[in-house]
Amino acid sequence: MLRFSTAGESHGECLIAMLSGVPAGVPVDIVQVNRELWRRQQGYGRGGRMRIEQDTAEILSGVRHGKTIGSPIAMRMENRDWKNWIEILPVDAGDPAKHKAVASPRPGHADLAGALKYDFPDARYVLERASARESTARVAAGAIAKQILQPLGIQVASHVIRVGGAELQRDAEWAEIAALLDKDEVLLNCVDVEAEQHMKAAVDAVLRTGDSIGGVFEVVAHGVPPGLGTYANWDERLDTALAASVMSLQAVKAVEIGRGVTAAASLGSEVHDPILYAAESADKDAPNFTRFAREQNNAGGIEGGISNGEDVIVRGYLKPISTLRRPLGSVSFETREPVKAAYERSDVCVVPAAGVAAEAMVALTLAKAVLEKFGGDSLREMQRNYQGYCEQIRKF
């Protein structure tokens with residue numbers, strides 16, 4: 001059973017990622033982990049915090065001589081901004097006069113709900129943990145999950161398909177999406193240059209008005225074999241797990257598998273993917289799991305809660321972030337009088353970064369499903385089980 005958890009606050013000493021259940025013998029490339037952390041920090045519309053932090057992971061346990069050893073993996077990501085918060089957020093009692101309260105809750109954030117739940121006099125501690133800064137630790141854990149999937153030929157990447165009203169007007173090919181992983185200059189992580197410029201213009205417009213902007217990202221998992229997940233129980237369906245994992249990301253308010261949204265307004269004959277049978281796949285780059293194939297992929301690679309061998313496609317709908325440079329109306333925690341909502345240094349657009357965090361969640365979900373399906377206390381054992389299964393379905 002693959003399990004992961006995170007710890008840490010936005011302005012605390014560090015962030016921690018814990019990952020257990022990883023088989024022994026999986027090669028771990030720390031450069032690749034740090035590359036994923038770097039990708040999360042990129043994108044047009046990011047705020048000043050990203051100029052302070054240079055996220056890198058320090059592996060504390062579970063990896064020796066470049067490979068996993070079967071024990072829990074712990075990783076630490078330093079918050080460089082901590083030096084400015086040592087006296088504001090000390091572990092001990094400290095000086096109450098130096099506490100930096102979040103005195104009025106921000107609409108759309110966890111501030112008010114969290115303060116009510118935990119009986120806090122202001123929203124400082126809510127902000128510190130609810131912040132999307134926490135997704136740094138998820139990305140580190142997801143980078144390890146990607147390295148579990150790599151020996152099986154499974155890859156995960158994302159791209160942005162909409163920012164505000166600016167939208168990619170065509171489908172993207174896997175090769176285009178995968179190529180974004182290697183870009184050293186990230187604007188809005190869109191496969192189409194013209195569409196990306198329209199997205200940039202949408203961000204520029206809200207920059208001028210002190211507002212924020214959301215959008216839609218798409219995560220694609222390539223090389224996923226048929227048979228992950230099951231229809232047998234509601235909580236074992238692969239789409240259930242994927243939807244929950246992506247929905248758990250900060251500011252995500254809706255999740256779509258394949259063409260789920262447009263399918264709701266379409267006829268069955270327009271939505272369902274016809275099944276073909278051929279001796280060999282016409283696409284020489286496609287994984288040759290089975291001779292069954294589809295001429296389209298509206299289902300997003302999942303039918304009846306089970307992967308069907310096509311690319312798994314998950315879209316996340318990201319609301320505009322809640323911190324605005326021109327704050328909305330709120331109420332003072334202390335006086336209960338009308339005031340403007342609190343402002344903390346923040347981003348304007350985080351859709352590309354959210355896509356990277358969603359890649360991590362999809363990779364963690366798929367790695368868990370792979371380990372449940374193929375088991376193995378070591379990578380070699382898991383690979384033998386996987387190869388035997390692939391041979392079985394090729395002969396079906």
Taking the condition of being of a type in the set (S, T, N, Q) and either surrounded by fewer than 15 Cβ atoms within 10 Å (Cβ to Cβ) or under 30 Å from Pro23 (Cα atoms) (or both), how many residues in segment 333-365 meet it? 2
Segment 15-34 residues that are farther than 23 Å from Glu381 by Cβ, paired with ones that are part of a strand (DSSP E or B) and of a type in the set (D, E, K, R) (beta carbon under 8 Å, 6 or more apart): Leu15/Arg76; Ile16/Arg76
Which listed residue, of Gly215, Gly260, is without any contact (Cβ under 8 Å) to a residue 60 or more places away in the chain and either buried (at least 19 other Cβ atoms within 10 Å of the Cβ) or on the phi > 0 side of the Ramachandran plot (or both): Gly260
Collect the residues in segment 111-148 that are more than 19 Å from the chain's Cα centre (by Cα) and closer than 23 Å to Ala360 by Cβ, keeping them in residue-number order. Leu127, Glu128
Any residue that is small (Gly, Ala, Ser), modelled with pLDDT of 95 or more and within 25 Å of Ser346 (Cα to Cα) - is there at least one of those in segment 167-180? no
Filter result for the condition that a residue is within 30 Å of Thr323 (Cβ to Cβ) and either over 24 Å from the mean Cα position of the chain (by Cα) or modelled with pLDDT of 95 or more (or both), over Glu270, Glu256: Glu256
Looking at (1) outside any loop (DSSP other than H, G, I, E, B); (2) crowded, with 22+ Cβ neighbours inside 10 Å, can you tell me which one Ile393 breaks? (2)
Being closer than 21 Å to Ser135 by Cβ and of a type in the set (Ser, Thr, Tyr) narrows it down to one residue among Ser245, Ser307; which is it? Ser245
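Got a sec? Which of Ala178, Ala145, Ala137, Ala123 is aliphatic (A, V, I, L, M) and surrounded by fewer than 21 Cβ atoms within 10 Å (Cβ to Cβ)?
Checking each option against the conditions leaves just Ala178.
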Pairs, please: C-beta under 7 Å, at least 6 apart or cross-chain, first residue over 16 Å from Ile177 (Cα atoms) and in segment 347-364, second of a type in the set (Ser, Thr, Tyr) and part of a helix (DSSP H, G or I)? Met361/Ser245; Leu364/Ser245
For Val156, indicate whether it is modelled with pLDDT of 95 or more, assigned to a strand (DSSP E or B) and buried (at least 20 other Cβ atoms within 10 Å of the Cβ). yes
Exactly one condition in (1) under 28 Å from the mean Cα position of the chain (by Cα); (2) modelled with pLDDT of 90 or more is false for Ala286; which is it? (2)
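The values are calculated or read from the model by the stated rules, or taken from the named source; none is laboratory data. Here the structure is a predicted model, which means the values were calculated and not measured. All Cβ positions, glycine included, derive from the backbone under ideal geometry; neighbour counts span all protein chains shown.
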